[in-house]
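What follows is one structure encoded as structure tokens, with my remarks underneath.
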Amino acid sequence: MLIMKHLSELSEQVILAVGTFDGYHLGHQAVLAKAMKIAREQDVPFAVMTFARHPLEYLHPEAVPNKLMDLRQRRMFCIKFGVDELVEIDFNKEFADLSAEDFANLVKKHMVVVGENFTFGRNRQGKFDVFDSVEVCPLLKIDGEAVSSTRVRREIAAGNMESVHRLLGRDYSIKGEVLHGDARGQFLGFPTANLSVGEYCLPGYGVYIGKAKYAGRKYPAMINVGLNPTFTLNIPRIEAHIIGFEGDLYGKRIRLDFVKKMRDEIKFYNIKDLINQLKEDKKNTCAYFENVVL
């Protein structure tokens, strides 16, 4: 896959899916699938135009939503989906000042594929009818409601990871570097990998059945998200006890997939009760994966 920064770098003629695509949920995937189908039929490159950073980071920094995917994850998604050319626009003043007609002129050589709620150009005044050649995908609805990044974030925040999977077509994942923690997990017999929260959309506080991926291999994991009320932390953390893994992960990047919420966070008043609950969490996590392929 070719990665570029300007529309002028695209091949002479492409089928171009255009959108923010901040989470590549099933609605986004429908747009991409339509563009890929047309591209393969016409034997031209399948291209995607999106933004290196969310447009709100320039327009309204105070309103930027938390990330569903980082830039590396979005690129990897495009590679796996079969994108030939990816244009990552830097949304800056120059781009924000483009009129709808100006933007349409930049892509007039190409057929553009967008979702029906797509708007663009200065003050979001442009609609798809400005393009010379365009295919419009209807909004994808699940349970009567449109699939959107806002809806995905709402379900993540509520801890409804099975609903999130239905909207994304995959588990919600967070990637990050393993940091040094307080070593309490080691003391308790449940060593954990601690990830920085960063700018990701954080699942609702609680304990989750999940998966950890490192060095090309997946492991069952029990993942705690929150403030760890037993030890009264002030900053949210993501801690994963990775079942079946032995080794040092400090400074390494791992991926955590959130599959299902097991329970809310609980404040324990003695270590024995905490350890017993952790044993129960581990038992439930292992039982879940007895009939589920990692």
Notebook entry, point to check: Can you give the accessible area per residue of the chain, in Å², using a 1.4 Å probe?
Noted result: 51
Check: At what distance in nm do the modelled label points of Ile243 and Leu106 sit from each other, each positioned 7 Å from its Cα along Cα→Cβ?
Finding: 4.9
Notebook entry, point to check: Mind listing which GluC sites (Glu not before Pro) in the range 247-294 are in a DSSP loop and have 10 or fewer other Cβ atoms within 10 Å?
Noted result: Glu290
Margin query: With a 10 Å cut-off between alpha carbons and a GNM built on the chain, which of Gly244, Gly216, Gly198 moves the most?
Written below: Gly216
Margin query: Sequence gap of 8 or more, or different chains, plus Cα separation below 28 Å: how many lysine pairs satisfy both in the range 12-115?
Written below: 13
Checklist line | Nearest-0.05 FRET efficiency for Glu62 and Glu145, computed from C-beta distance (R0 22 Å) | finding: 0.25
Next item on the list: Pop a pseudo-label 7 angstrom from the Cα along the beta-carbon direction at both Cys286 and Arg253 and give the gap in nm to one decimal.
Entry: 3.2
Notebook entry, point to check: Taking 0.36 nm per residue of separation and subtracting the Cα-Cα distance, what length does fully extending Ala157 through Asp97 add?
Noted result: 18.2 nm
Note to self: I need the chymotrypsin sites (Phe, Trp or Tyr not before Pro) found in the range 206-294, filtered to DSSP loop residues with at most 14 other beta carbons within 10 Å of theirs.
What the structure shows: Phe231, Tyr250, Tyr269
Next item on the list: Just flag the trypsin sites (Lys or Arg not before Pro) in the range 185-294 sitting in loop per DSSP whose Cβ has no more than 14 other Cβ atoms within 10 Å.
Entry: Lys252, Lys267
Check: Given (i) 20.9; (ii) 24.3; (iii) 21.4 as candidate values of Kirkwood radius over Cα pairs in Å, which corresponds to the one derived from the coordinates?
Finding: (i)
Item checked: Helix-only mean residue ellipticity at 222 nm for the chain, each DSSP H run of n ≥ 4 adding -39500 (n - 2.57), per residue, nearest 500 -> -8000 deg cm²/dmol
Item checked: Percent antiparallel among DSSP beta bridges (both partners in the chain, rounded to 5) -> 65
Check: How far, in nm, would the chain grow between Gln13 and Lys272 when pulled straight, counting 0.36 nm per residue and subtracting the alpha carbon separation?
Finding: 86.6 nm
Next item on the list: Using only the C-alpha atoms of the range 159-294, find the volume of their convex hull and express it per residue in Å³.
Entry: 106
Check: If the limit is 19 Å between Cα atoms, which of Lys211/Lys261; Lys213/Lys252; Lys213/Lys260 go over it?
Finding: none
Note to self: Taking the Cα of Ile3, stepping 7 Å toward and past its beta carbon, and measuring to each backbone N in the range 40-55: which are under 17 Å?
What the structure shows: 47-54
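The values are calculated or read from the model by the stated rules, or taken from the named source; none is laboratory data. Here the structure is a predicted model, which means the values were calculated and not measured. A quick note on method: Cβ atoms are made from the backbone with ideal geometry, for glycine too, and the neighbour counts reach across all protein chains shown. Side chains included, ligands, DNA and RNA excluded: accessible areas come from the protein's heavy atoms. Shrake-Rupley method; radii C 1.70, N 1.55, O 1.52, S 1.80 Å.
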